[in-house]
Amino acid sequence: MSKLTFILFIIILLIAPSPLILHTVLTIVTTNKTMIDEIAINTRLSFTASQSTSINVNNNLEQQAMALFKSWFIDFEPFEWQVPKTWINGVLGEFVEIKRGGSPRPIQKFLSNNGFHWLKISDATCISSPFINEIKEYIIEAGLKKTVYLKSGSLVLSNSATPGLPKILDIDTCIHDGWLYFPSSKFSNEYLYLYFKHIRGNLIALGNGSVFTNLKTDILKNYPTYLPTENVLKEFDGLVQPIFSMMLSKTRETKRLAEIRDTFLPKLMSGELDVSNIEL
């Protein structure tokens, strides 16, 4: 099979093809064991390359967003390099409501194979994307009374183990007391995400300088900051929100490709996938 044929086949598989196309392709390849093995290897390689590309794209996009943030709110470049007099000088707790998640205890009694997603710090540290759309653990309904349940689109900030790490949820989940969340804010999630990324080093230093210490809520509430005017924030959001939308699309694409790969390849390799009786 030529390299071009491999590429075309892989593309067909990874764009969720119609049953007719999938049936035709699989009918051809399942008659040739060597071809199956070769396709499996190349599909894995293709996914790895695709995943790496998505990560690189997201990293570049986040760097662009961070560059804009620093230009506007650290260097004040659009405002003649100084803080505008119309901005309010204060602390973060004056402009953002900061709350902590909760944990039913002992947690082992509430963990389950299904139910409500249970966000752990490891779910955030294992990905470079600003967005979390995959969570490994669940808790039962009885645990909801002792935790905080957040909807997709919420911003969270790690408060323990690896403190000061912001993430935006692309999935509904419960959060334990190792997470902070923000029920109301004068800032958008995109602004706060970039803000927390920028000040993370300072937050860790204020929390005794260790990435394994807890980030005290009071440290965050009393952190000095400015509140720009509503028009400035709206204009900034208009620049960075499309960037975050692109990062979200790439994150979802990576997950979708992984699901297709993990579903299709084991069945193809084991011979479990049989298309002879498929009716179209």
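The values are calculated or read from the model by the stated rules, or taken from the named source; none is laboratory data. Keep in mind that what you see is a predicted model, and the values were worked out from it rather than measured. FYI the Cβ positions are ideal-geometry reconstructions off the backbone, even for glycines, and counts take in every protein chain you see.
Structural remarks
- Considering residues of the stretch 113-129 that are touching a helix residue (DSSP H, G or I) at 6+ places or on another chain (Cβ under 9 Å) and more than 22 Å from Ala161 (Cα to Cα) only, the residue surrounded by the most Cβ atoms within 10 Å (Cβ to Cβ): Phe116
- Test for Leu26: is it part of a helix (DSSP H, G or I) and at pLDDT below 55: yes
- Among the candidates Glu259, Glu235, residue that is assigned to a helix (DSSP H, G or I), free of Cβ contacts under 8 Å to residues at least 24 places away in the same chain, assigned by TED's automatic domain parsing to the domain that holds Ile55 and surrounded by 13 or more Cβ atoms within 10 Å (Cβ to Cβ): Glu235
- Residue match in the stretch 199-216 (condition: outside any strand (DSSP E or B) and touching a residue at least 60 places away in the same chain (Cβ under 8 Å)): no
- Qualifying residue in the stretch 211-218 (condition: surrounded by 19 or more Cβ atoms within 10 Å (Cβ to Cβ) and either aliphatic (A, V, I, L, M) or under 30 Å from Met246 (Cβ atoms) (or both)): yes
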